[in-house]
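Accompanying notes for the structure given below.
The values are calculated or read from the model by the stated rules, or taken from the named source; none is laboratory data. On a predicted model such as this, the values are computed, not experimentally measured, just so you know. Neighbour counts are summed over all protein chains in view; Cβ atoms, including those assigned to glycine, are modelled from backbone coordinates with ideal geometry. Keep in mind that these areas ignore ligands, DNA and RNA; they rest on the heavy atoms of the full protein, side chains included. Shrake-Rupley method; radii C 1.70, N 1.55, O 1.52, S 1.80 Å.
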Amino acid sequence: MLLLLLLLLGPGDPEEKLVSHARSNLDLTRYDLSTLKPMEWLNDECMNMYMALLQVRLHVHGCVNVRDHG
């Protein structure tokens, strides 16, 4: 796991897409993921992806849609 994390956050093209979420049409690049390092400003795209994953999880478990209440 640590090796995978080092490969994702290591040197490389900052615009390379490393994570895709087809249902929400979101992609995270190497740059986006690099903002998860300590002492970095958190990228909005990381939060958008997290919220999309939460919505899928809520839908799978039969909970209400987050957007219905906001």
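With +1 on each Lys and Arg Cβ and -1 on each Asp and Glu Cβ, and nothing else charged, work out how big the dipole of the chain is about its Cα centre, in Debye to the nearest 20.
For the chain, the charge dipole is close to 300 debye.
Can you give the helix-only mean residue ellipticity at 222 nm for the chain, where every DSSP H stretch with n ≥ 4 adds -39500 (n - 2.57) and the sum goes over all residues, rounded to the nearest 500 deg cm²/dmol?
-12500 deg cm²/dmol
Order Ser20, Ser34, most accessible first, counting only protein heavy atoms with a 1.4 angstrom probe.
So the residues, ranked largest to smallest area, are Ser20, Ser34.
Find which of Leu9, His61, Ser34 sits farthest along the positive direction of the dipole of the chain, computed with +1 on the beta-carbon of Lys and Arg, -1 on that of Asp and Glu, about the Cα centre.
His61
Name the long-range amide H neighbours of Leu18: under 5 Å, sequence gap of 5 or more, or other chain; modelled H, no Pro or chain starts.
It is Leu28, Thr29, Arg30, by chain and number.
How large is ³J(HN,Hα), in whole Hz, for each residue of the stretch 52-62 in order, when computed from phi with the Karplus curve 6.51 cos²θ - 1.76 cosθ + 1.60 and θ = phi - 60°, using x for Gly and Pro?
Values per residue, Gly and Pro as x: 5, 5, 5, 5, 4, 4, 4, 5, 4, 8, x Hz.
For percent of Cα pairs over 21 Å apart, the choices are [x] 38; [y] 35; [z] 18; which was calculated from the structure?
Recomputing percent of Cα pairs over 21 Å apart here gives the entry labelled [y].
Using a probe radius of 1.4 Å on heavy atoms only, what accessible surface per residue do you get for the chain? Whole Å² is fine.
Using a 1.4 Å probe on heavy atoms only, each residue of the chain averages 83 Å².
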